[in-house]
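The values are calculated or read from the model by the stated rules, or taken from the named source; none is laboratory data. This one's a predicted model, so the numbers in the text were calculated from it and none came from an experiment. Heads up, the Cβs are rebuilt from the backbone with ideal geometry, glycines too, and the neighbour counts pull from every protein chain shown.
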Amino acid sequence: MSTGELTKLKIKAYSDPQFNNEVADGEFTSLVNPEKYTFNYKIEQNEDQASGTSDLSPRFNKKLPEDLELEFLFDRTGVIIHYGSNPDESSDDTVFKDKGEGVIEDIEKFKKVILDYNGDEHKPNYVMIYWGTLLFKGSLTEMSVEFKLFKSDGTPIRAVAKAKFQGFVEDDLRVAKENNQSPDLTHIRLVKEGDTLPLMSHRIYGDSKYYLEVAKVNELSSFRKLEVGKQIFFPPIEKIS
């Protein structure tokens, strides 16, 4: 049930990709909620052309993590007021006025959350971005800051930061979600009643002729009789035309 209270977009920084360890002072709340946010999706394709063919038919390789694009406003002109939980108590409100450094300090705090390197990994913090139905996990890939309004001495008092984040899913979760049958990936299958190595190879690779290679990798003395319940390892292979 909605309470009517304005919810602000928030970003939390973490030092680990499992999002268990929060970074000290690693939380940012947007001054003004974004007017929009954009998800970009990409598909990676293998466009190798087989010898002797004239048509180029791109082959699906994998789906890349989505990108999220957001804009953040920083303003110290005094025109923006953050209203507290009780509209009748003006002391609960915050007026964003210039304190001498314009928006510089605000931007530095923002950068500390999304841009600063963490630990020995020498990469930006892992961030969790949430607002309404938006819940995004990833890390910053690029950011630009446009300064738009200045005091007489040149100090910026309004700026817009445009940031792009790359999302990700942990490897074990990604494999579980996709249950991918691609021959470019490693697979482990349990032998079921009626399975043969040529049949299982056909399921994985789309061709049964790779069963000898699978038998060799698994050190199988016989590929005709497989033990039900046995695990068979199907490695990534380079297809033979």
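Worth pointing out:
- Qualifying residue in the range 161-171 (condition: assigned by TED's automatic domain parsing to the domain that holds A24, over 15 Å from E66 (Cα atoms) and modelled with pLDDT of 90 or more): yes
- If you go through the range 188-205 and keep only what is surrounded by 12 or more Cβ atoms within 10 Å (Cβ to Cβ) and over 12 Å from K230 (Cβ atoms), you end up with T196, P198, L199, S201, H202, R203, I204, Y205.
For every residue, the table says whether it meets (1) part of a loop (DSSP other than H, G, I, E, B); (2) on the phi < 0 side of the Ramachandran plot; (3) at pLDDT 85 or above.
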| position | (1), (2), (3) |
| --- | --- |
| V32 | yes, yes, yes |
| L56 | yes, yes, no |
| E69 | no, yes, yes |
| L73 | no, yes, yes |
| S91 | no, yes, no |
| V95 | no, yes, no |
| G102 | yes, no, yes |
| I107 | no, yes, yes |
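- Exclusive hit being on the phi < 0 side of the Ramachandran plot, assigned to a loop (DSSP other than H, G, I, E, B), in the same structural domain as L190 (by TED's automatic domain parsing) and of a type in the set (D, E), set E213, E227: E227
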